[in-house]
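Peer 1: Please read through the structure below; I'll follow up with questions.
None of the figures in this text is laboratory data; all of them are computed from the coordinates on show. Here the structure is a predicted model, which is why all the values come from computation and not from measurement. In this analysis, Cβ positions are derived from the backbone assuming ideal geometry, glycine residues included, and neighbour counts consider all displayed protein chains.
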Amino acid sequence: MSQSYNRGTVEDFGRWREFSAGMWAWIFHKFTGWVLVGYLFTHIAVLSTATQGAEMYTSTLQGLEALLIVRFLEVGLLAVAVFHILNGVRLLMVDLGVGLEAQDKSFYASLVLTGAIVVASIPTFLGGPLA
Amino acid sequence: MAEHYSSFERGGRRWLLQRLTAVFLIGVLAFHFLLLHFANHAADITFAGTQARMSQVGYFATMWLFLVTATFHGVNGVYNALVNQGISGTQKTAVKWALVVASVLLVAQGTRVALAMTNLV
């Protein structure tokens, strides 16, 4: 039998210690969404160097990739994107009413799988010549 | 249902379009990441390599659709998040049109960049 609990408002961040898994999923999904849409605009801005000629494009991209901080930011971007994708699939399931009773477990699974994929990808992202 | 937290009104048009674009984006984003970070290392990217990929009509069309759906999905997400936070009236209208203008500019610039990357025109 389904039960209803009054967990209060998710926007009331001051009581974060009382948040349930679903509330954390909502916050993480929103945070990663803001990061990704911000990145989309930045990404197009960087790629716009292609309109300034081949040399400019190649030197800008290779110059950025030569910076260690950019490599770490890329790992962060991967983490954000993978979580948003996995939790997005989870949201699709929730909306379709599939596995509702396990929605908290699927949130934890999204976190663990994100962590595993990111850790496994670190050698690829940090490998290659730096400046 | 106490455990369901979403900024979207379920069953609405914006909700449906967000879900449909999500399904497309899952596949294309994974492909984009795998191709440009694993199959080709990002540090090795050159204009010539980009041009070779972007000059294939199928790849170009996929990347352009990626741009359009990602822009819609991102901006629609931001709009719904703000509506969910309680904006209304003039504020809501101003946010809506600011986001529409930002989207149009992003897609226009993205298209310009995509064409500059090809030898198609």
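Peer 1: Please say if region B:1-107 is rounded, prolate or oblate, where rounded means a/c under 1.5 for a ≥ b ≥ c the square roots of the C-alpha gyration tensor eigenvalues, and otherwise the choice is prolate for a/b larger than b/c and oblate otherwise?
Peer 2: It is prolate, given that a/c is not under 1.5 and a/b is the larger ratio.
Peer 1: Right, here's the next one. Ranked highest first by average number of other Cβ atoms within 10 Å, how do A:85-94, B:81-90 line up?
Peer 2: A:85-94, B:81-90
Peer 1: Run the simple label-point estimate for residue B:36 and residue B:93 please: 7 Å along Cα→C-beta, distance reported in nm.
Peer 2: My value for the distance between the label points is 3.8 nm.
Peer 1: Kindly provide the helix-only [θ] at 222 nm of chain B, computed as the sum of -39,500 (n - 2.57) over DSSP H runs of four or more divided by all residues, to the nearest 500 deg cm²/dmol?
Peer 2: -24500 deg cm²/dmol
Peer 1: With Cβ to Cβ distances under 13 Å as the rule, what net charge do the other residues near residue A:122 carry (K, R +1; D, E -1)?
Peer 2: Neighbour charge sum, excluding residue A:122 itself: 0.
Peer 1: Got a sec? How would A:43, A:84 order by Cβ neighbour count within 10 Å, fewest to most?
Peer 2: Going from sparsest to densest Cβ surroundings: A:43, A:84.
Peer 1: Follow-up question, since we're still on this one. Net charge near residue A:65: determine it from the other residues with C-beta under 11 Å of the C-beta of residue A:65, scoring Lys and Arg +1 and Asp and Glu -1.
Peer 2: Result for the local shell: -1.
Peer 1: Let me ask something else about it. Which residue, B:77, B:55, B:43, has the largest displacement toward the positive end of the dipole of chain B when charges sit on each Cβ (Lys, Arg +1; Asp, Glu -1)?
Peer 2: Comparing the listed Cα positions along the dipole, B:77 ranks first.
Peer 1: Using Cβ contacts closer than 10 Å as the measure, can you line up A:39, B:79, B:59, A:57 from fewest to most?
Peer 2: So the ranking, lowest neighbour count to highest, is B:59, A:39, B:79, A:57.
Peer 1: Also: Where does the protein assembly as shown land on the Kirkwood hydrodynamic radius, alpha-carbon pairs, in angstrom?
Peer 2: 19.9 Å is the Kirkwood radius here.
Peer 1: Relative to the first principal axis of the alpha-carbon coordinates of chain B, what is the inclination of helix B:89-116, with its axis defined by its Cα atoms, in degrees from 0 to 90 and to the nearest 10?
Peer 2: Orientation of helix B:89-116: about 10 degrees from the principal axis.
Peer 1: Another question, if that's okay. May I ask you to evaluate 6.51 cos²θ - 1.76 cosθ + 1.60, the Karplus curve with θ = phi - 60°, for each residue of region B:49-57 and list the ³J(HN,Hα) values in order in whole Hz, giving x for glycine and proline?
Peer 2: 3J(HN,Hα) across region B:49-57, in whole Hz: x, 4, 5, 4, 6, 6, 7, 7, 4.
Peer 1: Just for the Cα atoms in chain A, what are the lengths along the principal axes, largest first, rounded to whole Å?
Peer 2: That works out to 65, 31, 28 Å along the principal axes.
Peer 1: Just want the ordering: A:106, B:55, from fewest to most Cβ atoms lying within 10 Å of their own Cβ.
Peer 2: With the sparsest Cβ surroundings first, the list reads B:55, A:106.
Peer 1: Residue by residue, what Karplus-based ³J(HN,Hα) values in Hz, rounded to whole numbers, does region A:82-99 have, using 6.51, -1.76 and 1.60 with θ = phi - 60° and x for Gly and Pro?
Peer 2: For region A:82-99, the Karplus-derived couplings read 5, 4, 4, 5, 5, 6, x, 5, 4, 5, 4, 5, 4, 5, 7, x, 8, x Hz, x marking Gly and Pro.
Peer 1: How large is ³J(HN,Hα) for each residue in region B:63-79, as worked out from phi by the Karplus curve 6.51 cos²θ - 1.76 cosθ + 1.60 (θ = phi - 60°), to whole Hz, x for Gly and Pro?
Peer 2: 5, 5, 5, 4, 4, 5, 5, 5, 4, 4, 4, x, 6, 5, x, 4, 4
Peer 1: Which value in nm describes the separation of the simple spin-label points at residue A:15 and residue B:52, placed 7 Å from the Cα toward the beta carbon?
Peer 2: Computed distance between label sites residue A:15 and residue B:52 equals 5.9 nm.
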